[in-house]
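Please read the structure below before turning to the comments.
The values are calculated or read from the model by the stated rules, or taken from the named source; none is laboratory data. Keep in mind the model is a prediction, meaning the values are calculated, not measured. Neighbour counts run over all protein chains shown; Cβ positions are idealised from the backbone, glycine included.
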Amino acid sequence: MNMRIRPIKKEEILLLTDFVYEAIYQRDAKNPLPRTVIQDASIWIYIDRFGSKKDDHCLVAEVDSYVVGACWVRRIKAFGHVEESVPEFAISVYPQYRGMGVGTELMKEMLLLLRRKVYAKASLAVQKDNYAVSMYKKAGFEIMDENEQEYIMVCNLNGPEIL
């Protein structure tokens with residue numbers, strides 16, 4: 001698979017509506033949530049006017065000129081919020097491209113970008129039973145807090161080499 005990681009283009013930002021939906025962990029694939037779930041304020045905050053703030057950064061994975069995954073960060077008060085200065089991750093890959101290392105590459109490149117931009121930390125929230133927890137741990141994220149359903153994870157960007 002010939003994959004390229006690159007910054008999102010302005011005309012591709014609308015794709016984040018697909019990717020934010022794909023980022024929602026769905027336990028029951030036979031009964032998926034309706035796509036309108038992204039209109040909930042707690043989810044819409046991840047993509048609302050994306051690119052309008054200086055801390056909005058997005059990388060996409062492209063295979064054969066087709067965007068198959070996205071990893072984006074913003075400083076927002078959402079599920080993985082830990083403090084004002086810490087950008088929160090969102091990442092997703094279309095189902096047919098999962099398990100091929102696309103998410104890992106996206107995450108690695110975003111962590112390197114954040115390190116270059118001199119962020120001290122990055123955070124995310126993940127459902128406890130989501131298979132991606134192990135990928136986040138391998139990428140350097142550690143569980144900082146938890147609630148009944150989710151782990152709040154933080155990656156120290158000043159620490160040892162990422163991935």
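Looking at the stretch 56-72 only, could you name the residues that are part of a strand (DSSP E or B) and not hydrophobic (A, V, I, L, M, F, W, C)?
Scanning the stretch 56-72 gives 57, 62, 66, 69.
Can you report the number of residues in the stretch 8-19 which are surrounded by 14 or more Cβ atoms within 10 Å (Cβ to Cβ) and in a loop (DSSP other than H, G, I, E, B)?
As a first pass, look at the stretch 8-19 and keep what is surrounded by 14 or more Cβ atoms within 10 Å (Cβ to Cβ): 8, 12-13, 15-19.
Those still in the list that are in a loop (DSSP other than H, G, I, E, B) too: 8.
Going through the stretch 8-19 one residue at a time, the tally reaches 1.
Only one of (1) surrounded by fewer than 16 Cβ atoms within 10 Å (Cβ to Cβ); (2) assigned to a loop (DSSP other than H, G, I, E, B); (3) not aliphatic (A, V, I, L, M) is not met by residue 36, so which one is it?
Unmet for residue 36, out of (1) surrounded by fewer than 16 Cβ atoms within 10 Å (Cβ to Cβ); (2) assigned to a loop (DSSP other than H, G, I, E, B); (3) not aliphatic (A, V, I, L, M): (2).
Among (1) part of a helix (DSSP H, G or I); (2) free of Cβ contacts under 8 Å to residues at least 40 places away in the same chain, there is one condition residue 22 misses while meeting the rest; what is its number?
(2)
If residue 27 passes every condition in (1) of a type in the set (Lys, Arg); (2) under 22 Å from residue 113 (Cα atoms); (3) part of a loop (DSSP other than H, G, I, E, B) but one, which one does it miss?
Looking at each condition in turn, residue 27 falls short on (2).
Could you identify the single residue in 5, 91, 47, 76 that is in a loop (DSSP other than H, G, I, E, B), touching a helix residue (DSSP H, G or I) at 6+ places or on another chain (Cβ under 7 Å), touching a residue at least 24 places away in the same chain (Cβ under 8 Å) and of a type outside the set (Lys, Arg)?
47
Does residue 13 meet the test of being out of contact with any Cys (no Cβ under 8 Å at 6 or more places or on another chain) and either of a type outside the set (Ser, Thr, Tyr) or in contact (Cβ under 8 Å) with a residue 24 or more places away in the chain (or both)?
No, not satisfied.
Which members of the stretch 116-152 meet the condition of being without any contact (Cβ under 8 Å) to a residue 24 or more places away in the chain and either over 21 Å from residue 85 (Cβ atoms) or among the hydroxyl-bearing types (Ser, Thr, Tyr) (or both)?
Scanning the stretch 116-152 gives 128, 131, 133, 134, 137, 146, 147, 148, 149.
Considering the stretch 79-95 alone, what residues qualify as being at pLDDT below 95 and farther than 18 Å from residue 157 by Cβ?
The answer is 79, 95.
Restricting attention to the stretch 96-127, report how many residues are within 20 Å of residue 156 (Cα to Cα) and of a type in the set (S, T, N, Q). Show your work before the answer.
Here is the first cut: in the stretch 96-127, the residues within 20 Å of residue 156 (Cα to Cα) are 103-126.
Now narrow it down to the ones that are of a type in the set (S, T, N, Q): 104, 123.
Here the count works out to 2.
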